[in-house]
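The values are calculated or read from the model by the stated rules, or taken from the named source; none is laboratory data. Computed from a predicted structure; not experimentally measured. We place every Cβ from the backbone using ideal geometry, glycine too, and count neighbours over all the protein chains shown. SASA here: full protein model, heavy atoms, side chains in, ligands and nucleic acids out. Shrake-Rupley method; radii C 1.70, N 1.55, O 1.52, S 1.80 Å.
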Amino acid sequence: MVGEGVMAMDKALKEPQVVITDVHKSFGTVQVLKGVSMSVRKSEVVCIIGPSGSGKSTLLRCINALVPIDKGSIKVDGIEVNDPKLDELALRRRVGIVFQSYNLFPHRTALQNIMMAPVHVLRQDKAEVEARARKLLAKVRLSEKADSYPGELSGGQQQRVAIARSLCMMPDVMMFDEVTAALDPETVKEVLNTIRELAAEGMTCILVTHEMGFAREVADTVHFTDHGRIVESGDAKAFFTSASDPRTREFLTQVL
Amino acid sequence: MESIQAWFRRLYDETGINLTIFYDPWDGLKYLKGIGLTIELAVLSVLLSLVVGVVGAWLQGVRFAPLRWLVYGYIQFFRNTPPLAQLYFFYFGLGALVPTTTNAFGLAEPILNNFQWAVIALSFFAGAFNVEIFRSGIEAVPHTTVEAARALGYSRLKSYIHIVLPLAIRICLPSLNNNLVNLVKTTAIAYAIAVPEALYVANQLWSDNLNVPEMMNVVLVTYLTLVGLFVFGVSRIERALHVPGYTPS
Ligand SMILES: Nc1ncnc2c1ncn2[C@@H]1O[C@H](COP(=O)(O)OP(=O)(O)OP(=O)(O)O)[C@@H](O)[C@H]1O
Ligand SMILES: [Mg+2]
């Protein structure tokens, strides 16, 4: 009996939550994604690394349909993103994204930023959402900043509010696009700690990052992209020591 | 009250400065009513021009091109023609075309009176500028902020209402203030279609009493006071909308 239960759980963990198949995307004549395929299992932490302009941000934006794809298929929890009748809200409540530049709403307090979307978009009960938002603020260690406006917060604090804002939609997958790139070294730690905790709790995470040490530590799988293609993928532990593709090795020697 | 009236009567007797509105109750009431109508005209056209501005700016962003052209044409027309000519266009031009109803005396009566036409003309006049002002404010809202809203599931309309407009209004409040002050002053052109607002009543009074220079000054002080009150109101709103740590660019 016990063995069966463990096996069922194991299977659930291995079930792919995001499946990306042969995705192509061009902006005008510029081909940004040239056939990208990958899949992300439930609770997996996937890191995407690669040189600037290789299409990492574009790929994340395709996953939650901020950018429509030209060809291929992206499935999130079985929802096909490349579908003209796509229910955008159904998709976006499942996939949260945090950006490099935080992008908080400057006219609302930290608490309000976190509460807005569930109240406005999901029409959830305000009191319920507030309770959840306060818990999330505590989780990112910013309870005392609930009533501060974004302009009154440091970059690292704003970024943690942005993470809490995404989490309040109760997504199944979180995407992080170079969320520490604009921060000074001291505050990078606060934000990475938050992500580390999320990963440990079993949140499915897709992160684009230049923090190789962090990638090596938290990631299960690493994908290296270059010129719109995934050049090399592998288990995180092995990836950094035994990458075989020459472009990957060159990139790694530059950033490590 | 009595003593004020007595003082202005003596002023007239001793200096020849004839301010009938301060000692003749009938004239005084008439001018007050004129000011009242100016305020009514200003408030209604300010509000309606804001609606025109918000809706116009929204329409400028829709996918259906003919609607965008319509808004563009409207803006060009109203920005580049004199407001007085626009008022005549509405009152005499369109006014002749709208259907009439029959009043209690069996006479044909237009469904819109001159006051209502003045409100419409003034709103469309100032509205054209408001569309441009709102649009520049909307364009100044960072596209990354809008993208964050979309990523959280906001539809275009919902992000417009909850995020884009509140930020755009803060960004464009100074230019909006200028345009609306201009609108408050421009209500005086309603004089031309016999709307009994402050300037029109003043004209009637100075024709009766032959006190043109006195009433001219009264009219200017009246507008100065009204605009002053308006600017005070706007600065109160500006303060209420202020967000700590955020300077609208
Ligand atoms: N909206 C857009 N319109 C036109 N071109 C775009 C757009 N978004 C991205 N691109 C182009 O697509 C290419 C890939 O951009 P992307 O932002 O995905 O790269 P990236 O891997 O995230 O780079 P970085 O590490 O610098 O963030 C770039 O050449 C960029 O100029
Ligand atoms: Mg990027």
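Scanning the stretch A:93-102 for residues being open to solvent by less than 10 Å² (accessible area, probe 1.4 Å) and more than 16 Å from ligand 1 (Cβ to nearest atom) gives a total of 2.
Here's the yes/no breakdown for (1) away from ligand 2 (no atom under 15 Å from the Cβ); (2) surrounded by 19 or more Cβ atoms within 10 Å (Cβ to Cβ); (3) at pLDDT 95 or above:
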position: A:VAL32; (1), (2), (3): no, yes, yes
position: A:GLY50; (1), (2), (3): no, yes, no
position: A:GLY78; (1), (2), (3): yes, no, no
position: A:PRO84; (1), (2), (3): yes, no, no
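Taken over the stretch B:26-47, the residue count meeting the criterion of being in contact (Cβ under 8 Å) with a residue 24 or more places away in the chain and of a type in the set (Gly, Ala, Ser) is 3. When the stretch A:133-152 is filtered for residues that are assigned to a helix (DSSP H, G or I) and either within 14 Å of another protein chain (Cβ to nearest Cβ) or crowded, with 18+ Cβ neighbours inside 10 Å (or both), the ones remaining, listed by number, are A:ALA133, A:LEU136, A:LEU137, A:LYS145, A:PRO150, A:GLY151, A:GLU152. Per the listing B:VAL43, B:VAL52, B:VAL62, the residue uniquely in a helix (DSSP H, G or I) and open to solvent by less than 40 Å² (accessible area, probe 1.4 Å) is B:VAL52.
Would you call A:VAL191 hydrophobic (A, V, I, L, M, F, W, C) and either at pLDDT 95 or above or in contact with a Phe, Trp or Tyr (Cβ under 8 Å, 6 or more places away or on another chain) (or both)? No; evaluated as a whole, the condition is false for this residue. Quick check: anything in the stretch B:78-96 in contact (Cβ under 8 Å) with a residue 40 or more places away in the chain and within 25 Å of B:ALA140 (Cβ to Cβ)? Scanning the stretch B:78-96 turns up at least one residue that is in contact (Cβ under 8 Å) with a residue 40 or more places away in the chain and within 25 Å of B:ALA140 (Cβ to Cβ). What do you reckon, is B:PRO196 farther than 14 Å from B:ASP27 by Cα and of a type outside the set (D, E, K, R)? It is false that B:PRO196 is farther than 14 Å from B:ASP27 by Cα and of a type outside the set (D, E, K, R).
So that you can scan it fast, the table gives a plain yes or no per residue for (1) within 30 Å of A:PHE27 (Cα to Cα); (2) in a helix (DSSP H, G or I); (3) in the same structural domain as A:VAL45 (by TED's automatic domain parsing):
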site: A:LYS189; (1), (2), (3): no, yes, yes
site: A:ARG196; (1), (2), (3): no, yes, yes
site: A:PHE214; (1), (2), (3): no, yes, yes
site: A:GLU217; (1), (2), (3): no, yes, yes
site: A:VAL222; (1), (2), (3): yes, no, yes
site: A:GLU232; (1), (2), (3): yes, no, yes
site: A:PHE240; (1), (2), (3): no, yes, yes
site: A:ARG249; (1), (2), (3): yes, yes, yes
site: A:GLN254; (1), (2), (3): yes, yes, yes
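Checked against (1) open to solvent by 70 Å² or more (accessible area, probe 1.4 Å); (2) without any contact (Cβ under 8 Å) to a residue 60 or more places away in the chain; (3) within 14 Å of chain A (Cβ to nearest Cβ), B:PRO213 meets all criteria but (3).
With a requirement of 2 or more residues that are within 11 Å of another protein chain (Cβ to nearest Cβ), the helices (runs of 4 or more DSSP H) lying completely within the stretch B:69-182 that satisfy it span B:143-151, B:156-159. When the residues of the stretch B:3-25 are filtered to those that are without any contact (Cβ under 8 Å) to a residue 12 or more places away in the chain and either in contact with a helix residue (DSSP H, G or I) (Cβ under 6 Å, 6 or more places away or on another chain) or of a type in the set (Asp, Glu) (or both), the one that is most open to solvent (accessible area, probe 1.4 Å) is B:GLU14. Restricting the stretch B:71-95 to residues that are of a type in the set (Phe, Trp, Tyr) and closer than 20 Å to B:GLY56 by Cα, the residue that is most open to solvent (accessible area, probe 1.4 Å) is B:TYR72.
Among the residues of the stretch A:59-75, how many are open to solvent by less than 10 Å² (accessible area, probe 1.4 Å) and modelled with pLDDT of 95 or more? The total comes to 5. In the set A:LEU192, A:LEU207, only one residue is more than 16 Å from ligand 1 (Cβ to nearest atom), open to solvent by less than 40 Å² (accessible area, probe 1.4 Å), in contact (Cβ under 8 Å) with a residue 12 or more places away in the chain and not aromatic (Phe, Trp, Tyr); that residue is A:LEU192. When A:GLY213, A:GLY202 are checked against the criterion of being loosely packed, with under 15 Cβ neighbours inside 10 Å, touching a residue at least 40 places away in the same chain (Cβ under 8 Å) and not aromatic (Phe, Trp, Tyr), A:GLY202 stands alone in meeting it. Against the list (1) more than 15 Å from ligand 2 (Cβ to nearest atom); (2) at the interface with chain B (Cβ under 9 Å from one of its Cβ atoms); (3) open to solvent by less than 40 Å² (accessible area, probe 1.4 Å), the condition A:LEU89 fails is (3).
Of all the listed residues (A:ARG165, A:ARG108, A:ARG141), the sole one being on the phi > 0 side of the Ramachandran plot and either within 17 Å of the chain's Cα centre (by Cα) or not assigned by TED's automatic domain parsing to the domain that holds A:ASN193 (or both) is A:ARG141.
Among the residues of this structure, A:HIS227 counts as one that is at positive phi and within 14 Å of ligand 1 (Cβ to nearest atom). Is it fair to say A:LYS56 is more than 16 Å from ligand 1 (Cβ to nearest atom) and crowded, with 16+ Cβ neighbours inside 10 Å? Spelling it out, it is not the case that A:LYS56 is more than 16 Å from ligand 1 (Cβ to nearest atom) and crowded, with 16+ Cβ neighbours inside 10 Å.
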